[in-house]
Amino acid sequence: MGWQIGKSSWTFNLDPEIRRLDMIARSVNVYRRACSGPRNIFRDDEACTFGRPRTLGSCDIAIFGDSYADAYAPAMNLLAKGAGLSGRQITVGGCLALLGYCEIISPYATEARCRALREAMLRFVEGNSRLQIAVLAHRWSIYTGTDLYSDAGPQPFYLLGSSQDDRSEQRSLQVFRASLAKIINFFVGRAIHILLLGEVPSLGRDPMRCVAVSIKGGLDKYACHRPATGVHKRLDGVNRLLSEIANRRSGVSFYFPLEAMCDETSCSPIVDSVYMYRDGGHLNRIRAEDLSRSMRLPEIRPRQ
């Protein structure tokens, strides 16, 4: 859960813009609590189905991934409704919805949780004969051995191909590439189109707190940004990899969120007067829904 103004000594009789900010920052994916996590993946398919109702007990589209996929789910809901498709999220925070890796070394996930996600993904595909679009969304960069920036300092993640693997950026990237190739072959081989969603830029701090402080102090709330150079340094490598795969492989497409969230000089928590985040890196529900206007699903014909 992202930071909320009401829990941080702010009072609601202050600036009405702070109240509006708090309302937006609190907005989360409505399916998150009941439908995300290893215990909820198959708990209640009807309540967790977005878009239109399922046909013959099967979804047409699914979004797989970590908490960044969960934050993208409201956008997928609107896109599915517009396309007349039924959808479901299969998400576990801190875990990677790819095949072939052995373990993630991470402060936010356990081997059991991540194994549950991989197994659930395979089970879901097996049980949904009408599935035609698989959406993959993650905080991709942390799985390539890149240090996770935080106010407390760098926190390295490592992706292992076996328990004997070196914990290094180079090896993590090798395992990531192999695991990504394996999941793409898995879906494409079943005539399921893959939509890769690029990583939402992390601002490395709580941007909504910065905006609230700026509003309260009469400062420029648009100053709570992060230079685009830092964002590109972190994300350009993995975005280039995802884009190249989409350009090279039939049945794979890529969405690049930085085009809608950053300008040439900076990435801001406010775009077109819309507050974007619920914490340092996750979209709030309202902004995810707004972002759907810049996204497109691949054209498919629902299976009969």
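What follows is calculated from the coordinates using simple rules that are stated; it is not laboratory data. Just so it is clear, the structure is predicted and the values come from calculations on it, not from any experiment. We place every Cβ from the backbone using ideal geometry, glycine too, and count neighbours over all the protein chains shown.
Comparing mean-square fluctuations of Ser172, Ser243, Ser273 from a GNM of the chain with C-alpha springs under 10 Å, the top value falls on Ser273.
Among the trypsin sites (Lys or Arg not before Pro) found in segment 16-69, those both in a DSSP coil and sparsely packed, with 12 or fewer other Cβ atoms within 10 Å of their Cβ, are Arg39, Arg43. Dimensions of segment 173-303 based on its C-alpha atoms, expressed as ranges along the principal axes with the largest first, amount to 56, 35, 22 Å. Each other residue within a Cβ distance under 13 Å of Asn284 adds +1 if Lys or Arg and -1 if Asp or Glu, for a net charge of 0.
Highest mean first, the peptides 244-255, 70-81, 124-135 sorted by other C-beta atoms within 10 Å per residue fall in the order 70-81, 124-135, 244-255. Structure remark: mean-square fluctuation, Gaussian network model of the chain, C-alpha springs under 10 Å; the largest value among Leu235, Leu219, Leu197 belongs to Leu219.
Under 5 Å from the amide H of Phe254 lie the amide H atoms of Leu196, each residue being 5 or more positions distant or on a separate chain, with H modelled from the backbone and absent for Pro and chain starts. Proximity of backbone amide H atoms, modeled 1.01 Å from N, is registered between Ser58 and no other residue at under 5 Å, excluding neighbours fewer than 5 places apart on the same chain. Which of Cys262, Cys95, Cys267 comes first, and how do the rest follow, when ranked by fewest Cβ neighbours within 10 Å? So the ranking, lowest neighbour count to highest, is Cys262, Cys267, Cys95.
Note on the chain: with a GNM built from Cα contacts shorter than 10 Å, the maximum mean-square fluctuation among Pro207, Pro16, Pro227 falls on Pro16. Taking other Cβ atoms within 10 Å as a rough exposure proxy, Val211, Val271 sort from fewest to most as Val271, Val211.
Over the chain, DSSP H runs of length four or greater, each weighted -39,500 (n - 2.57), average out per residue to a 222 nm ellipticity of -11500 deg cm²/dmol. With a ≥ b ≥ c taken as the square roots of the eigenvalues of the C-alpha gyration tensor of segment 69-133, please select rounded if a/c is under 1.5 and otherwise prolate if a/b is larger than b/c or oblate if it is not? Judged from the Cα gyration tensor, segment 69-133 comes out oblate (a/c at least 1.5, b/c at or above a/b). Its Cα gyration tensor gives the chain an equivalent ellipsoid, and the semi-axes of that ellipsoid, as √(5λ) in whole Å with the largest first, are 31, 24, 18. Backbone geometry of segment 250-259 corresponds, through the Karplus equation with coefficients 6.51, -1.76 and 1.60 at θ = phi - 60°, to 3J(HN,Hα) couplings of 5, x, 10, 9, 9, 10, 10, x, 4, 5 Hz, x marking Gly and Pro. Sparse packing (at most 14 other Cβ atoms within 10 Å of the Cβ) combined with a DSSP loop state is found for the following trypsin sites (Lys or Arg not before Pro) in segment 182-229: Arg190.
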